[in-house]
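The next block holds one structure in the form of structure tokens; read it before the comments.
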Amino acid sequence: MKYSKATNYALHTMVHLTMEPKGLAVSVDQLGYLQDLSPTYLSKILTKLVKAGLIESVPGAKGGYSISRRAQDISFLDVIEAVEGQSVLFNCGFDHDESECLIERVMIEAEGNMKKELAERTIQSIAERIEKRQCHETKKEK
């Protein structure tokens, strides 16, 4: 299974926005620059995140995007579903009763386990690990 590049960019964007001071909006140009993306392409991803209620768009000259919920309440699954949708990953293509397809049962169980794991991982947890790493590297330089 493979997630789209848009999901990769969305997850990185969410972590970056989480690490910004509360109330500071980051422009699409700045966010695009950080990931070497065109603002036009990134805007499409940001629109999905806004629609999902994960970030908010701040209008005006000093506008941009900021986290709209507490980062500890935003899971990887929230971001992935905002970009990829909520469809199942596997559907049995054979013409028989779904309850009879043992392969599909295994795949549904595995997908459920993956979703559970992704729902438990928060954007905040990654931001904290990055901040600790940066703090540790700063101490090493001194």
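Values for this structure:
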quantity	calculated
Under 5 Å, built H, 5+ apart or other chain: amide partners of ILE55	VAL50, SER68
Difference of contour (0.36 nm per residue) and Cα-Cα distance, ARG121 to LYS22	33.5 nm
Ratio of the Cα radius of gyration of region 1-104 to 2.2 N^0.38 Å, where N counts its residues	1.33
Size of electric dipole in the chain: Cβ of Lys, Arg +1 and of Asp, Glu -1, about Cα centre, debye, nearest 20	980 debye
0 to 90° range, to nearest 10: angle between helix 123-141 axis and the chain longest Cα axis	50 degrees
For the chain, built as a Gaussian network whose Cα springs stay under 10 Å, the top-fluctuating residue of ALA25, ALA110, ALA127	ALA110
Selection from ILE67, LEU46, SER4 lying farthest towards where the dipole of the chain points positive, charges on Cβ	ILE67
Over the chain: helical MRE at 222 nm, DSSP H runs n ≥ 4 each giving -39500 (n - 2.57), nearest 500	-19000 deg cm²/dmol
Two-site label geometry, HIS12 and VAL106: point separation in nm, points 7 Å out along Cα→Cβ	3.5 nm
Greater than 21 Å apart at Cα, pairs in LYS5/LYS62; LYS22/LYS62; LYS5/LYS115; LYS5/LYS51	LYS5/LYS62
Partnerless cysteines, meaning none of the other Cys C-beta atoms lie under 4.7 Å away, in the chain	CYS135
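No lab work stands behind these numbers, since they all come straight from the coordinates. None of these values were measured; they are calculated from a predicted model. Backbone-built Cβ (ideal geometry, glycine too); neighbour counts: all protein chains shown.
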